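The values are calculated or read from the model by the stated rules, or taken from the named source; none is laboratory data. What you are looking at is a predicted structure, and each value in this text was computed from that prediction instead of being measured. Glycine gets a Cβ as well: all are built from the backbone with ideal geometry, and neighbour counts include every protein chain shown. Protein only, heavy atoms only, side chains kept; ligands, DNA and RNA dropped before computing areas. Shrake-Rupley method; radii C 1.70, N 1.55, O 1.52, S 1.80 Å.
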Amino acid sequence: MNRPKIGLALGSGSARGLAHIGVLKVLKQAGVPIDFVAGSSMGGFIGVLFANGIDPEMMENLAIHLKRKHLLDLTVPGFGFISGDKIKDLIYLLTHRKNLEQLKIPTAVVATDLLTGEKVVFKSGSVADAVRASISIPGVFTPVINERQILVDGGVVDRVPISTVREMGADIVIAVDVLPQINQPARIKNIVDVIMQSLEIMERRIFDQQLLSADVLIQPDVSEISPASFNRVEECVQKGEEAAKAELEKIRKLIW
């Protein structure tokens with residue numbers, strides 16, 4: 001009997017999205033096959049690396065050893081104060097300058113068009129260009145601008161792209177949402193905190209109902225980790241592992 005096709009929807013969340021690596025580690029160790037991947041923002045970043053065959057343990061080591069100076073390139077504030085060129089170069093390197101259609105697993109990356117407010121789904125073309133658009137946190141990263149669109153973070157319209165991966169052909173959707181479910185008092189220390197907290201409030205209000213459409217919902221408990229805490233890699237990964245292990249039996253029953 002043919003097994004169902006499995007889709008993985010990885011959500012936005014900045015540093016908290018590093019928990020996706022822990023989820024991937026558990027799924028790989030358990031032999032769970034992944035047929036489709038869709039991701040928003042950090043979920044798109046992690047998703048394309050996985051779809052390109054990069055081992056989750058290697059992702060974790062890379063995240064631990066990368067320094068901010070290798071990722072962040074400040075620019076004169078206009079539409080944002082980080083140009084994003086260094087991150088784009090890193091994606092080029094890690095995905096070998098591939099197009100999305102060349103990845104080992106069919107993958108979609110979600111961004112938002114500021115001009116129309118619509119979701120933009122990349123399924124072909126440059127991996128680096130798609131991810132660069134998807135991670136463009138409004139006010140932090142400069143948007144990706146072309147003749148027809150101004151593209152920003154995919155989490156603005158679809159923080160966990162469940163419907164996208166289902167439309168790709170997934171029979172079963174495993175969704176990973178790293179937005180904290182308990183709305184604890186935020187720690188607001190700078191402009192980045194203001195922007196990130198504003199986005200979280202918006203996303204929480206709009207998309208909670210959509211999460212119910214996933215067959216399996218994995219929600220790592222990263223409420224104590226700031227979206228800007230990229231130095232807490234091991235903690236994020238561990239939280240992802242714990243959450244994935246808690247849902248593993250349900251995943252096995254659905255697949256096998």
Task: Nonlocal Lys pairs with alpha-carbon distance under 12 Å, region 6-248 (8 or more apart, or different chains) - done: 5
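What's the extension gain from residue 58 to residue 246 if we count 0.36 nm per residue and subtract their Cα-Cα distance? Display every interim value, and only then the final one.
Numbers: separation 188, 0.36 × 188 = 67.68 nm, distance 2.33 nm.
Residue separation times 0.36 nm, minus the Cα-Cα distance, leaves 65.4 nm.
Does region 6-248 come out rounded, prolate or oblate, given a ≥ b ≥ c as the square roots of the eigenvalues of its C-alpha gyration tensor, rounded meaning a/c under 1.5 and, failing that, prolate meaning a/b above b/c?
Rounded.
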Task: Acute angle (nearest 10 degrees) that the helix 233-255 long axis makes with the longest principal axis of the chain, alpha-carbon atoms - done: 30
Task: Cα-based helix-to-principal-axis angle, 85-94 vs the chain, degrees rounded to 10 - done: 30
TODO: Starting with the highest mean, order 139-145, 117-123 by the number of other Cβ atoms within 10 Å, averaged over the residues of each peptide.
DONE: 139-145, 117-123
Open item on the list: What number comes out for accessible area per residue over region 6-248 if the probe is 1.4 Å? Units Å², please.
Closed with: 44
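Please report, to one decimal in angstroms, the Kirkwood hydrodynamic radius of region 1-131 built from all distinct Cα-Cα pairs. Write down the numbers at each step before the final one.
Details: mean 1/r = 0.0644 Å⁻¹.
The answer is 15.5 Å.
Count the net charge of all other residues whose Cβ sits under 14 Å from the Cβ of residue 167, scoring Lys and Arg as +1 and Asp and Glu as -1. Provide the component values of the computation, followed by the final result.
Details: positive: 5, 119, 123, 166; negative: 35, 158, 171.
Counting the neighbours of residue 167, the net charge comes to +1.
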Open item on the list: Considering only protein heavy atoms and a probe of 1.4 Å, how much of the accessible area of the chain is carbon and sulfur, as a whole percent?
Closed with: 55
Task: Under 13 Å from the Cα of residue 250 - aspartates and glutamates, other chains or at least 8 residues apart - done: 215
Open item on the list: On C-alpha positions alone, give me the angle between the axis of helix 42-51 and the longest principal axis of the chain, in degrees, nearest 10.
Closed with: 50
TODO: In a Gaussian network model over the chain where Cα atoms closer than 10 Å are linked, find which of 153, 171, 113 has the largest mean-square fluctuation.
DONE: 171
